[in-house]
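**Q** Let me give you the structure first, and then I'll get to my questions.
The values are calculated or read from the model by the stated rules, or taken from the named source; none is laboratory data. Predicted, not measured: the structure shown is a model, and the values here were computed from it. With ideal geometry, Cβ positions are generated from the backbone for all residues, glycine too; neighbour counts draw on all protein chains shown. Accessible surface is based on the protein model in full, side chains and every heavy atom, while ligands, DNA and RNA are left aside. Shrake-Rupley method; radii C 1.70, N 1.55, O 1.52, S 1.80 Å.
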Amino acid sequence: GIYCYESNPTITNCTISGNSADYGGGIYCNFSSNPTLTGCVIEGNTATNYGGGIYCNNSSNPTLTDCTISGNTGRYGGGIYCYLSSPTLSGCVIDGNTATNDGGGIYCNYAGNPTLTDCTITANTTSRGGGIHCYSNSSPTLSGCTISDNTATDDGGGIYCYNNGNPTLTDCTISGNTATDVGGGICSVFNSNATLAYTTVCG
């Protein structure tokens, strides 16, 4: 749909849908690209590999406000894939995305440290990390977020933390998520340390 290379476009009230690529079906942010998206819908895009909706790579830190990332598909990171990048999301909805491998809603890899405030991550599906997959020194920060009704066919229905995946959640709700194997709400393994404060894990 859109490819940003060392660039910072401003995208407002746009719909990005039905696109396909190897990486970043909807948007690919590469090499310090920091686009600003407001009121946008990113839906029904497909990536053969990473980031069905958005792929953030190599110090790319987009800012998304009041956006919807829905119904996208990728191998890793159905909605968003973050590699060495720290996007900021506020008031966004990430729902109904699918990853054939890991990270239905969001996949954070190798110091991928997104910040999410007042966001909803719901009804996403994958094998590990239905809502969020945190891997290899990734430390996402969530405040006032809802992670609900996500499904993992293996581990971590809501959140899956592996190999120093260290999310921090404050004032969040993790509810109604399902894992076929272990960790319906959260699965944390191999030196991973999720930090939760004033957070509800239920259902």
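**Q** Would you mind calculating the gained length between Asn163 and Asp181 on full extension (0.36 nm times residue separation, minus the Cα-Cα distance), in nm to one decimal?
**A** Gain on extension, Asn163 to Asp181, equals 4.6 nm.
**Q** Please report the relative contact order for the stretch 1-78, taking Cα pairs under 8 Å with a sequence separation of at least 6, and give it as a percent rounded to a whole number.
**A** With pairs under 8 Å counted, the relative contact order is 32 percent.
**Q** While we're here: Grab every C-alpha pair in the stretch 1-128, bin the distances at 10 angstrom width from 0 up to the longest one, and report whole percents.
**A** 17, 54, 28, 1
**Q** Would you mind checking the stretch 86-104 for residues with the amide N under 19 Å from a putative spin-label position 7 Å along Cα→C-beta of Asp22?
**A** 100-101
**Q** Here's a follow-up. Report the chymotrypsin sites (Phe, Trp or Tyr not before Pro) located in the stretch 1-77 that are in a DSSP loop and have at most 13 other Cβ atoms inside 10 Å of their Cβ, or state none.
**A** Passing sites in the stretch 1-77 are Phe31.
**Q** For Cα pairs less than 8 Å apart in space and 6+ apart in sequence, what is the mean separation divided by the residue count of the chain, i.e. the relative contact order in percent?
**A** Here the relative contact order equals 12 percent.
**Q** What chymotrypsin sites (Phe, Trp or Tyr not before Pro) does the stretch 154-203 have in DSSP loop regions with at most 11 other beta carbons within 10 Å?
**A** Qualifying residues, ordered by number: Phe190, Tyr198.
**Q** Which residue, Gly185, Gly78, Gly129, has the most motion in a Gaussian network model of the chain that connects Cα atoms within less than 10 Å?
**A** Gly185
**Q** Would you work out which of Leu89, Gly130, Ser32 lies farthest towards the positive end of the dipole of the chain, given +1 charges on the beta-carbon of Lys and Arg and -1 on that of Asp and Glu, about the Cα centre?
**A** Ser32
**Q** On full extension of the chain, what length is gained from Asn191 through Thr170, given 0.36 nm per residue of separation minus the C-alpha to C-alpha distance?
**A** 5.5 nm
**Q** Just add up the charged neighbours of Thr125: K/R +1, D/E -1, any other residue whose Cβ is under 12 Å from the Cβ of Thr125.
**A** Overall, the nearby charge balance is -3.
**Q** Okay, next question. How would Ile186, Ile27 line up by accessible area, probe 1.4 Å, largest first?
**A** Ile186, Ile27
**Q** Related question: Can you give me the accessible area per residue for the stretch 46-203, using a 1.4 Å probe, in Å²?
**A** That works out to 34 Å² for each residue.
**Q** On the protein heavy atoms, probe 1.4 angstrom, tell me the percent of accessible surface of the chain carried by carbon and sulfur.
**A** About 44 percent, which is the carbon plus sulfur part of the accessible surface.
**Q** Charges at C-beta only: +1 for Lys and Arg, -1 for Asp and Glu. How large is the resulting dipole of the chain about its Cα centre, in Debye rounded to 20?
**A** 180
**Q** So, counting K/R as plus one and D/E as minus one, what does the shell of residues with Cβ under 11 Å around Ser70 add up to?
**A** Net charge in that neighbourhood comes out at -2.
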